[in-house]
Amino acid sequence: MKRGQDQRGGRTTVHILLLEDDQVLGDGLANGLKLEGHVVDWLTCGRDAEAADVDSDFDAVILDLGLPGVDGKRVLQRWRRNNSLVPVLVLTAYDRDSHCAETLDIGADDYVTKPIPMPELSARLRAIQRRAAGGADNLLEEGALRLERERRTGFLGKRPLELSTFEYTILEILLERAGKPVGRDTLEARLYGWEDGPESNSLEVLIHKLRNKIGRTRIRTVRGLGYRLDP
């Protein structure tokens, strides 16, 4: 497993589970996705993938079909039988004509053959996320708050918000689930991946900074549950 660090802006941050057994290709994909601003966790074995809590931990999955132990199709079938809704992009060297239709019918959201340019891969990830969320565009709005995801910009009314990468990511998650509490574990997984984040109070510091920028009463602490953006 490898941990991705979200270190720069420019794109919507996505917490991705990468399933790829080829070490060279997997390393290239993981590093390329990190450079796009995403958080990446990388597994190389189908059995480990079956056991992953993909809905709780990830925004999207990139799945190779030729995994050792348990192949990608069986992994996908198991997730869907367990009612997993995580968006899955299949990235494979298998011939498209012989595998694409079957894989989509099993439950894949997109099917792409290797190689693929990194900008296209990121765009496809954004597209399957939008479809999964029931949205067709890159705009998130709640009252005076607005995020334009493609340009990675935020506004409070007509005033632009100066947001760090991590602040933007937290606000994006809270806006996606406005009115509902979001757990600390969910927020930290999106920010830092499976491994421990920086200091234990780093999330509280980020929430404090966000409150100063969008209004101190907009983000509520829900005791025992996490944080909620009030409509």
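Solvent-accessible surface of the chain, taken per residue with a 1.4 Å probe and all protein chains present: 48 Å².
Take residue 146: with every protein chain present and a 1.4 Å probe, its accessible area is about 60 Å². For residue 90, the residues 5 or more places off, or on other chains, whose built amide H falls under 5 Å of its own are 63, 109, 110, 111, 112. Computed from phi, the 3J(HN,Hα) profile of the stretch 60-75 under the Karplus parametrisation 6.51, -1.76, 1.60 (θ = phi - 60°) reads 6, 10, 9, 10, 8, 7, x, 8, x, x, 9, 6, x, 5, 5, 4 Hz, with x in place of Gly and Pro.
In the chain, the longest principal axis of the Cα atoms and the axis of helix 96-106 are about 50 degrees apart. At full extension, residue 164 and residue 71 could sit 29.6 nm farther apart than now, given 0.36 nm per residue minus the alpha carbon distance. Once the Cα atoms are used to define both axes, helix 202-214 deviates from the longest principal axis of the chain by about 60 degrees. Exposure check, 1.4 Å probe, all protein chains in place: residue 208 carries approximately 90 Å² of accessible surface. Within the straight-line cut-off of under 29 Å between alpha carbons, the lysines reachable from residue 73 are 2, 34, 114, sequence neighbours fewer than 8 places apart in one chain being disregarded.
Could you work out how far helix 118-132 tilts from the main Cα principal axis of the chain, as a 0 to 90 degree angle to the nearest 10? Tilt relative to the chain: about 70 degrees. For the stretch 14-133, a Kirkwood radius taken over Cα pairs fed into Stokes-Einstein (4 °C, viscosity 1.567 mPa s) yields D = 92 µm²/s. Computed over the chain, the per-residue total of -39500 (n - 2.57) for DSSP H runs of n ≥ 4 gives a 222 nm mean residue ellipticity of -12000 deg cm²/dmol, rounded to 500.
The 1.4 Å probe gives accessible areas that order 73, 114, largest first, as 114, 73.
A simple spin-label model places the labels of residue 141 and residue 23 5.1 nm from each other, with each point 7 Å out along Cα-to-Cβ.
Net length available on complete extension from residue 208 to residue 48 is 53.9 nm, with 0.36 nm assigned per residue and the Cα-Cα distance removed.
The values are calculated or read from the model by the stated rules, or taken from the named source; none is laboratory data. None of the values given here were measured: they were computed from a predicted structure. FYI the Cβ positions are ideal-geometry reconstructions off the backbone, even for glycines, and counts take in every protein chain you see. Accessible surface is based on the protein model in full, side chains and every heavy atom, while ligands, DNA and RNA are left aside. Shrake-Rupley method; radii C 1.70, N 1.55, O 1.52, S 1.80 Å.
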